[in-house]
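The structure appears below as structure tokens.
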Amino acid sequence: MNDTLTSDAFYPPTVKPPDQAQSPWRFFSRFVRNPLRAIPLSVYTEPVVSYGKKRPLVTWVTDPELIERILLKDAAQFPKTALDRRVLTPILGDGILTAEGESWRWQRKLASPMFRYAELLSHVPTMVNATEELVADWTSRGAAFSTDIEEAMTDVTFSVIARTILAGIDESEAKAVKRSTRTYLDRISWEVAAAMLRWPEARWHPGKGSMRSAAMEVRGIVQRLLDQRRTAPGGSDLVARMIASRHPDTGQPMTDGETIDNLATFLFAGHETTAKALTWSLYLLARAPDWQDRLRDEVRSAVKVQHVAAGTLERLPLTTRVLKESMRLYPPAPVMTRHSVDEFDLAGTRLPKSSLIVIPIFVLHRHRRLWPDPDRFEPDRFLPENEAKIPRTQFMPFGYGPRVCIGSSFAMIEATAILATLLQSVRFGWDGRHEPEPVSRVTLRPKGGMPLIVKPL
Ligand code: HEM
């Protein structure tokens, strides 16, 4: 690896794993605060680790070959979990992220044409416009100021989704969706813990009521969007495609319920994760100003006429490398889960039917046996000659196999276009204090937000 490019080794904040056996009480008390804190140190060094005495409560898998088996070769034996469904269904229903079998296949096929590369590139001007509006607001303040970058990035990525694949959400509804999504995710670890302990769904836990109202609010807004689009049909976005679709076997249209499930899924999956990728990338650039300068130089020489355009993106290899290194250290979706349909053997361990398997992407990306100096920020890991040696199931921010993220190209195009547009006109600085702990709440949040100093250039 080329070490000459970064002057000082930089180790950004991470999670300190427990290094000894934990009692169930300690496990769950760490888990509800931050599920990543409950993952023991052995998961960072071993290929497979189980927790639980008689029957494993959870089995963490971080071996790339075993992950390939679970997500691709034997994928039918390892479907999505009841846990995932229980935790996400109240807000996302039976949409593409949570559905299985025939229902999933139909929904995936229906949405796929929206995610063809050429189609996605046509959204670049919209992505750039949304970012330039934010930059104009920042620049109008004149001097440097501190702001919460996590919130700003959520606003931009939400605007992009609401102007591209899900047209028709107005500003006050957008605010309500963002607020409710946040409330829902804030409380989610309790629900995950309750599901792991197999508590009945109706049983109370802290935050249960506010999760329910937040889910109802989001779904109510999506219902209004659908009603409004049914009365004024047209357009070619995802909403129009869903309304016009007919099931290949029955010839029936999607029910309102199915359409709402999908629209809510895309609204959620389509902005939260990309916002987190940008938030962590800007943090890293604020902490590694030499990299920030190099990226800005790259952007300035790649942009031909003032604005970042579709053609600019392929001239930004450094920016892409930083984004990938950022998603390695801070994967926006830090954990994936599956369960076993039957008994099975994993690296010599016999596991019972219905075992909960967790692929902790966060830990996989920092595994001591897979990565040299894993906690160090080093974008040159992703130089083409180095990246070629990394197995696809060792670096997998977008998952892998048939359920791989449908929006991965959307996200990469969007994150690159937004980052490049921001760097053209703004410098990002660190306040010298805030070292945010990465917290898993379905997406990877910075604890305490992400205050950065914004200096218009
Ligand atoms: C940096 C941004 C993103 C990351 C890191 C990310 C990550 C992921 C991951 C890890 C999965 C697989 C989950 C599993 O198999 O259990 C997934 C699935 C999915 N993602 Fe993304 N995602 C991102 C952006 C997006 C965007 C922009 C969209 C839509 C516009 C999107 C829509 C979806 C959908 C619909 C699925 C479910 C696919 C299926 O099950 O067939 N994602 N994403």
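In the range 400-413, which residue that is part of a loop (DSSP other than H, G, I, E, B), crowded, with 17+ Cβ neighbours inside 10 Å and within 7 Å of the ligand (Cβ to nearest atom) is farthest from the chain's Cα centre (by Cα)?
Among them, the one singled out is Ile406.
Every residue in the range 11-27 that is at pLDDT 95 or above and aromatic (Phe, Trp, Tyr), please.
If the condition is that a residue be at pLDDT 95 or above and aromatic (Phe, Trp, Tyr), then Tyr11 is the only one that fits.
Restricting the range 326-335 to residues that are more than 19 Å from Ala388 (Cα to Cα) and buried (at least 23 other Cβ atoms within 10 Å of the Cβ), which is nearest to the ligand (Cβ to nearest atom)?
Step one: of the range 326-335, the residues more than 19 Å from Ala388 (Cα to Cα) are 330-335.
Filter once more, keeping what is buried (at least 23 other Cβ atoms within 10 Å of the Cβ): 330-332, 334.
On the way: Tyr330: 10, Pro331: 6, Pro332: 4, Pro334: 9 Å.
The selected residue is Pro332.
Where residues in the range 344-370 are within 14 Å of Lys324 (Cα to Cα) and without any contact (Cβ under 8 Å) to a residue 40 or more places away in the chain, which of them is surrounded by the fewest Cβ atoms within 10 Å (Cβ to Cβ)? Please lay out each step first, then the result.
Here is the first cut: in the range 344-370, the ones within 14 Å of Lys324 (Cα to Cα) are 361-362, 365-366.
Now restrict to residues that are without any contact (Cβ under 8 Å) to a residue 40 or more places away in the chain: 361, 365.
Numbers: Ile361: 25, His365: 22.
Taking the candidates together, the pick is His365.
Would a scan of the range 424-433 turn up a residue that is touching a residue at least 24 places away in the same chain (Cβ under 8 Å) and near the ligand (Cβ under 9 Å from one of its atoms)? Can you show your working first?
Applying the first criterion (touching a residue at least 24 places away in the same chain (Cβ under 8 Å)) to the range 424-433 yields 424-431.
Now narrow it down to the ones that are near the ligand (Cβ under 9 Å from one of its atoms): none.
No, the range 424-433 contains no residue that is touching a residue at least 24 places away in the same chain (Cβ under 8 Å) and near the ligand (Cβ under 9 Å from one of its atoms).
Within the range 151-180, which residues are in a helix (DSSP H, G or I) and within 14 Å of the ligand (Cβ to nearest atom)? Steps first, answer last, please.
Our first condition is that a residue be in a helix (DSSP H, G or I); within the range 151-180, this holds for 151-163, 171-180.
Matches in the range 151-180: Met153, Thr154, Val156, Thr157, Phe158, Ser159, Val160, Ile161, Ala162, Arg163.
Just wondering, is there one or more residues in the range 115-125 that are in a helix (DSSP H, G or I), free of Cβ contacts under 8 Å to residues at least 40 places away in the same chain and in contact with a helix residue (DSSP H, G or I) (Cβ under 9 Å, 6 or more places away or on another chain)?
So the first thing to find is which residues in the range 115-125 are in a helix (DSSP H, G or I), and the list is 115, 117-121, 124-125.
Remaining after also requiring free of Cβ contacts under 8 Å to residues at least 40 places away in the same chain: 118-119.
Subsequent filtering for residues that are in contact with a helix residue (DSSP H, G or I) (Cβ under 9 Å, 6 or more places away or on another chain) retains 119.
Among the residues of the range 115-125, at least one is in a helix (DSSP H, G or I), free of Cβ contacts under 8 Å to residues at least 40 places away in the same chain and in contact with a helix residue (DSSP H, G or I) (Cβ under 9 Å, 6 or more places away or on another chain), which makes the answer yes.
Residues in the range 270-286 that are among the small types (Gly, Ala, Ser) and more than 7 Å from the ligand (Cβ to nearest atom): how many? Give the steps one after another, and end with the answer.
At the first step, the residues of the range 270-286 found to be among the small types (Gly, Ala, Ser) are 270, 275, 277, 281, 286.
Remaining after also requiring more than 7 Å from the ligand (Cβ to nearest atom): 275, 281, 286.
Here the count works out to 3.
Out of Val32, Val48, which single residue is more than 13 Å from the ligand (Cβ to nearest atom), under 28 Å from Leu329 (Cβ atoms) and over 20 Å from the mean Cα position of the chain (by Cα)? Can you show your working first?
Numbers: Val32 fails: over 20 Å from the mean Cα position of the chain (by Cα).
Unique residue meeting the criteria: Val48.
For the range 42-91, how many residues are surrounded by fewer than 20 Cβ atoms within 10 Å (Cβ to Cβ) and of a type in the set (A, V, I, L, M)?
Residues meeting the conditions: 7.
Please go through the range 76-103 and pick out each residue that is assigned to a helix (DSSP H, G or I), more than 12 Å from Asp261 (Cα to Cα) and near the ligand (Cβ under 10 Å from one of its atoms).
Asp84
Considering every residue within the range 240-247, establish whether at least one is outside any helix (DSSP H, G or I) and within 16 Å of the ligand (Cβ to nearest atom).
The first filter runs over the range 240-247 and keeps only residues outside any helix (DSSP H, G or I), leaving 245-247.
Remaining after also requiring within 16 Å of the ligand (Cβ to nearest atom): 245.
Yes - at least one qualifying residue is present in the range 240-247.
Search the range 16-41 for residues that are closer than 17 Å to Ser189 by Cα and pair each with any residue that is small (Gly, Ala, Ser) and in a loop (DSSP other than H, G, I, E, B) when their beta-carbon atoms are under 9 Å apart and the residues are at least 6 apart or on different chains.
Here the result reads Pro24/Gly52, each pair linking the range 16-41 to a residue that is small (Gly, Ala, Ser) and in a loop (DSSP other than H, G, I, E, B).
For the range 438-451, indicate whether the set of residues that are hydrophobic (A, V, I, L, M, F, W, C), in contact with an Asp or Glu (Cβ under 7 Å, 6 or more places away or on another chain) and under 25 Å from Leu134 (Cβ atoms) is non-empty. Show your work before the answer.
We begin by selecting, within the range 438-451, every residue hydrophobic (A, V, I, L, M, F, W, C); these are 439, 442, 444, 450.
With the extra rule that they be in contact with an Asp or Glu (Cβ under 7 Å, 6 or more places away or on another chain), the set shrinks to 450.
Cutting the leftovers down to under 25 Å from Leu134 (Cβ atoms) gives us 450.
Yes, the range 438-451 contains a residue that is hydrophobic (A, V, I, L, M, F, W, C), in contact with an Asp or Glu (Cβ under 7 Å, 6 or more places away or on another chain) and under 25 Å from Leu134 (Cβ atoms).
Against the condition away from the ligand (no atom under 16 Å from the Cβ) and either of a type in the set (A, V, I, L, M, F, W, C) or in a loop (DSSP other than H, G, I, E, B) (or both), how does Gly234 come out, does it pass? Spell out how you get there, then give the answer.
On the way: away from the ligand (no atom under 16 Å from the Cβ): yes; either of a type in the set (A, V, I, L, M, F, W, C) or in a loop (DSSP other than H, G, I, E, B) (or both): yes.
So Gly234 fits the description; yes.
If Asp19 satisfies all but one of (1) over 23 Å from the mean Cα position of the chain (by Cα); (2) more than 16 Å from the ligand (Cβ to nearest atom); (3) part of a helix (DSSP H, G or I), what's the number of the condition it fails?
For Asp19, the exception is condition (3).
Please enumerate the residues belonging to the range 414-445 that are outside any loop (DSSP other than H, G, I, E, B), in contact with a strand residue (DSSP E or B) (Cβ under 7 Å, 6 or more places away or on another chain) and closer than 25 Å to Thr14 by Cβ. Break it down into steps so the answer makes sense when it comes.
So the first thing to find is which residues in the range 414-445 are outside any loop (DSSP other than H, G, I, E, B), and the list is 414-429, 438-441, 443-445.
Remaining after also requiring in contact with a strand residue (DSSP E or B) (Cβ under 7 Å, 6 or more places away or on another chain): 425-429, 438-439, 444-445.
Matches in the range 414-445: Phe428, Gly429, Pro438, Val439, Leu444, Arg445.
The values are calculated or read from the model by the stated rules, or taken from the named source; none is laboratory data. On a predicted model such as this, the values are computed, not experimentally measured, just so you know. Counting neighbours? That spans all protein chains shown, and the Cβs are built from the backbone with ideal geometry, glycine included.
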